[in-house]
1. In debye, nearest 20, what is the charge dipole magnitude of the range 124-231 about its Cα centre with +1 on Lys and Arg Cβ and -1 on Asp and Glu Cβ, if you could check?
2. Report the semi-axes of the equivalent ellipsoid for the range 124-231 in whole Å, largest first, where each axis is √(5λ) for an eigenvalue λ of the Cα gyration tensor.
3. Please work out how much length the chain gains when fully extended from Phe163 to Ala209, using 0.36 nm per residue of separation minus the C-alpha to C-alpha distance, in nm with one decimal.
4. Using 0.36 nm per residue of separation minus the Cα-Cα distance, give me the extension gain between Leu180 and Ala145 in nm, one decimal.
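Computed from the coordinates by the stated procedures, all read-outs in this text should not be read as laboratory data. Here the structure is a predicted model, which means the values were calculated and not measured. Note: ideal-geometry Cβ built from the backbone for every residue, glycine included; neighbour counts use all protein chains shown.
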Amino acid sequence: MKTKKFRPKLDTLEERTVPAGLSPVFMAQALQTVADDFEWMAHPSARPFVQNFFTGVYQDSMAAGGGGIAGANAQMAQHVGNWLGFDVVPPPIVIPPPPPPVPPPPSDAGMTNTRPDPNAPQWVLQQNGLKTWDVVVGAGDPVVAGDSITIFYQGWLLNGTSFDSRRSPEAPITFQLNGLIDGWKQGIPGMQPGGIRRLYVPSALGYGAAGSGNNIPPNSDLIFEIKMISHT
């Protein structure tokens, strides 16, 4: 029974490595030299050198045009790699897709900084003295009674004093509609995301005879502007 021998001396084999840029004919001669001692290439200890050698042959051959002798060299390198279980063809460069753009934070764009005119003709009278004025309608599912709403808003007394607001660059604020004054409970349903609505809230639908702290005197009619960001 013939014993498989491992014969090469790797210091000698290092001299067979083909530097980049040499001619296809020289590479073919180098391949023939290696092929004359073919049995050693299957030995595990020779694997790193063999893989590096034939990968270099393939890459140099393709760089030389991949035709004629160069093409034959590339094919031989691939055959040897297939036989020994490695790939001489470099894997394709995978460029990851760019991350999705980060949406800009919500803003109060479109809202006014001054109290809307309480006598403007755009006001639409609703029930119980409530008036509404849709500056921007918005789009999407409308708010319904009992929703949680995320909004920017500002409130004024009729004399033009702003008593409360939530505006950008602060983040919008979220309220449960059921916990708000009657003017908001009645005036906000129907708004759509992105919409801006103004509310004229008579005292009876606001804070009534009690007022609210030092900011809202008793029996005050109020004007609000509200931008709907989202609701659930």
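1. Working: 7 positive and 8 negative charges, 22 e Å.
Dipole about the Cα centre, nearest 20: 100 debye.
2. Working: eigenvalues 92, 47, 32 Å².
Three semi-axes, in Å: 21, 15, 13.
3. On the way: separation 46, 0.36 × 46 = 16.56 nm, distance 1.71 nm.
Separation in residues times 0.36 nm, less the Cα-Cα distance, equals 14.9 nm.
4. Numbers: separation 35, 0.36 × 35 = 12.60 nm, distance 1.13 nm.
Computed gain between Leu180 and Ala145 is 11.5 nm.
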